[in-house]
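Enquirer: Sending over a structure as structure tokens; questions will come in a sec.
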Amino acid sequence: MAFPYNEIVLEHFRNPRNVGTIENPDGKATEGSPACGDMVSVYINVEPETKKITDVKFESYGCASNIATGSIITELSKGKTIDEAKKITWKEASEALGGLPPIKAHCSVLAIEGLRSAILNYEEKHGLVTSKEATTEEVVRKRLKRVMNPMKGLDMVATNLVKSVEVKDGVIRVVVDLPEDHQFAATIKEEAKERLENLWDIKEVNIDFVK
């Protein structure tokens, strides 16, 4: 089924701005799932004194709307402070594109979530998070829902890769239901640690595999 995209959306789809990655970014995040067909990764660099986003790039996997909204949120956020960028809404992104077909509105939501998650990643790395929620097993599992299981195209929680989670004395221990020599074990371990190690009350993250 074809959707009536306007010329602004098509222009950003055909010639997306700021595509790619940033080497050693100050903040990064991936939202979505390849199983659902839409996924976006956002990378940002932030000027430490002004907290302005000096560079932002994205990678998108999905439909024209997903690519176009990823493109527009990089344009909208560049030069803004992280607090200003956090306030950008999916409606603003959609309006900046001249409107999206209603059935594709979720794509702009996904791009905005990617931007906000990249900013949160930056804030956590630099101790700027004001919310001091204690890390619990539930918090850990929620974050692990954003780590993809490459074999299934869904997250590692939904595909039952998380065998157990323990949080004690500032240490997280996650047991993954895969052998350590599995071809995707190293990737999953790296992404899981990345999602967990910046939590404000955590000093150590251990990702173990079944023997």
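Taken together, the values in this text are just the output of simple stated rules run on the coordinates, not laboratory data. Note that this is a predicted model, so its numbers are computed, not measured. Cβ placement follows ideal geometry from the backbone for every residue including glycine, while neighbour counts extend to all protein chains displayed.
Enquirer: Would you check region 137-210 for Lys pairs whose C-alpha atoms are within less than 19 Å, ignoring same-chain pairs closer than 8 in sequence, and give me the count?
Expert: 17
Enquirer: Also, quick follow-up: Please report, in debye to the nearest 20, how large the charge dipole of the chain is about its Cα centre when each Lys and Arg carries +1 at its beta carbon and each Asp and Glu carries -1 there.
Expert: 300 debye
Enquirer: Positive end of the charge dipole of the chain (Lys, Arg +1 and Asp, Glu -1 on Cβ, about the Cα centre): tell me which of Leu97, Leu178, Ala111 has its Cα farthest that way.
Expert: Final value for the positive-end residue is Leu97.
Enquirer: Moving on to the next point. Cα to Cα, under 17 Å, and not fewer than 8 places away if on the same chain: which lysines meet these conditions relative to Lys91?
Expert: Counting by Cα, and skipping residues close in sequence, Lys91 has these lysines nearby: Lys104.
Enquirer: Here is a follow-up. Sort 73-82, 165-174 for me by packing, meaning the mean count of neighbouring Cβ atoms within 10 Å per residue, highest on top.
Expert: Peptide ranking by packing, descending: 73-82, 165-174.
Enquirer: Okay, next question. On average over all directions, what projected area in square nanometres does region 7-125 have, based on the convex hull of its Cα atoms?
Expert: In nm², the orientation-averaged hull projection of region 7-125 is 6.6.
Enquirer: Run lengths n ≥ 4 of DSSP H only: what is the helix-derived mean residue ellipticity at 222 nm for the chain, with -39500 (n - 2.57) per run over all residues, to the nearest 500?
Expert: -10500 deg cm²/dmol
Enquirer: Let me understand region 137-210 better: what is its radius of gyration from the alpha carbons, and its Dmax, in angstrom?
Expert: 11.3, 33
Enquirer: For region 137-210, give the magnitude of the charge dipole about the Cα centre (Cβ charges: +1 Lys/Arg, -1 Asp/Glu; no others), in debye to the nearest 20.
Expert: The calculated dipole for region 137-210 is roughly 280 debye.
Enquirer: Mind putting a number on the dipole of region 7-125 about its Cα centre? Charges go on the C-beta only, +1 for Lys and Arg and -1 for Asp and Glu, and I need it in Debye to the nearest 20.
Expert: Roughly 120 debye for region 7-125.
Enquirer: Determine Rg/Rh for region 50-114; Rg is computed over alpha-carbon atoms and Rh is the Kirkwood hydrodynamic estimate from the same atoms.
Expert: 0.96
Enquirer: Give the aspartates and glutamates reachable from Lys52 as a straight Cα distance under 15 Å; neighbours fewer than 8 places away on the same chain don't count.
Expert: Filter leaves Asp26, Glu75, Asp83, Glu84, Glu123.
Enquirer: While we're looking at this one, here's another question. Please state the relative contact order of the chain as a whole percent: Cα pairs under 8 Å, 6+ residues apart?
Expert: RCO, the chain: 17 percent.
Enquirer: Taking 8 Å as the Cα distance limit and 6 or more residues as the minimum spacing, I'd like the relative contact order of region 7-125 as a percentage.
Expert: 31 percent
Enquirer: Counting DSSP beta bridges in the chain, what percent are antiparallel, to the nearest 5?
Expert: If we restrict to bridges inside the chain, about 75 percent are antiparallel.
Enquirer: Additional query: Which shape class, rounded, prolate or oblate, goes with the chain when its Cα gyration tensor gives a ≥ b ≥ c as root eigenvalues, a/c under 1.5 marks rounded, and past that a/b bigger than b/c marks prolate?
Expert: Because a/c hits 1.5 or more and a/b fails to exceed b/c, the chain counts as oblate.
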